[in-house]
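Working notes, structure below.
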Amino acid sequence: MKIEERLKELGIELPVPTTPLGSYVNAVRTGNLLYMAGKGPGLPGKPLPVGKVGRDFSLEQANRLARDTGLSILGALKAELGDLDRVKRIVKVLGMVNATSEYGSHPEVINGCSDLFVEVFGEKGRHARSAVGMGSLPRGIPVEIEVIIEIEDDAPPPRVAAARPAAKPKAAPKVKAAKKKKI
């Protein structure tokens, strides 16, 4: 079954990817690996959730926020690849949970994202994972997740615009030679 059909079957509509807020991009490809930048649970049209898991969010709420983060990742992934059927395997997930110091259910929180990937991609969605607690995350978000994905390399390379002729370099300004002083 095609991934687009699977998403429809699950009732999932992917969000439009967010624009990076700094000097980075949503994804970088090296060989057949695609490294996705960390994403948080912000979804278009909804306020950005802020706070700590274990104080401001329950395990169930945080798990849902991790799932929302997975949806953001899939939206950015689709924008990057054009076709989610190019995903060969989800390789690694790093889930970071902004939690109180005594909180210990980080893996259960990140299961929200991991379970989504398995629902969407089946066995190709099973991955290695780290789920860790953080003292804080950017803008106070409760969850941030980054992913490494192996992709099929059978798609044609993206079209590259024809190169324009390089502009002629400007001549360096002439500098007058200094006169030597007689000693």
Next on the checklist: If I go through the stretch 96-153 residue by residue, how many of them are in contact with a helix residue (DSSP H, G or I) (Cβ under 9 Å, 6 or more places away or on another chain), surrounded by fewer than 15 Cβ atoms within 10 Å (Cβ to Cβ) and part of a loop (DSSP other than H, G, I, E, B)?
Outcome noted: 3
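Give the residues of the stretch 1-28 that are assigned to a loop (DSSP other than H, G, I, E, B) and among the β-branched types (Val, Ile, Thr), sorted by residue number.
Within the stretch 1-28, ILE12, VAL16, THR18, THR19, VAL25 meet the criteria.
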Next on the checklist: Of the conditions (1) at pLDDT 95 or above; (2) hydroxyl-bearing (Ser, Thr, Tyr); (3) within 14 Å of the chain's Cα centre (by Cα); (4) more than 24 Å from GLY135 (Cα to Cα), THR30 satisfies every one except a single condition; which number is it?
Outcome noted: (3)
Next on the checklist: Against the condition in contact with a helix residue (DSSP H, G or I) (Cβ under 9 Å, 6 or more places away or on another chain) and crowded, with 16+ Cβ neighbours inside 10 Å, how does LEU10 come out, does it pass?
Outcome noted: no
Checklist entry - Has the stretch 57-78 got any residue that is on the phi > 0 side of the Ramachandran plot and part of a loop (DSSP other than H, G, I, E, B)? => result no
Checklist entry - If we scan the stretch 37-46, do we find a residue that is over 18 Å from the mean Cα position of the chain (by Cα) and loosely packed, with under 15 Cβ neighbours inside 10 Å? => result yes
Checklist entry - What are the pairs, 6+ residues apart or on separate chains, where a residue within the stretch 41-67 that is without any contact (Cβ under 8 Å) to a residue 60 or more places away in the chain and under 14 Å from ILE141 (Cβ atoms) has its Cβ under 9 Å from a residue that is polar (S, T, N, Q) and outside any loop (DSSP other than H, G, I, E, B)? => result LEU43/SER72
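The values are calculated or read from the model by the stated rules, or taken from the named source; none is laboratory data. The shown structure was predicted, so the numbers you read here are calculated from the model rather than taken from an experiment. No Cβ is skipped: glycine too gets one built from the backbone with ideal geometry, and neighbour counts run over all protein chains shown.
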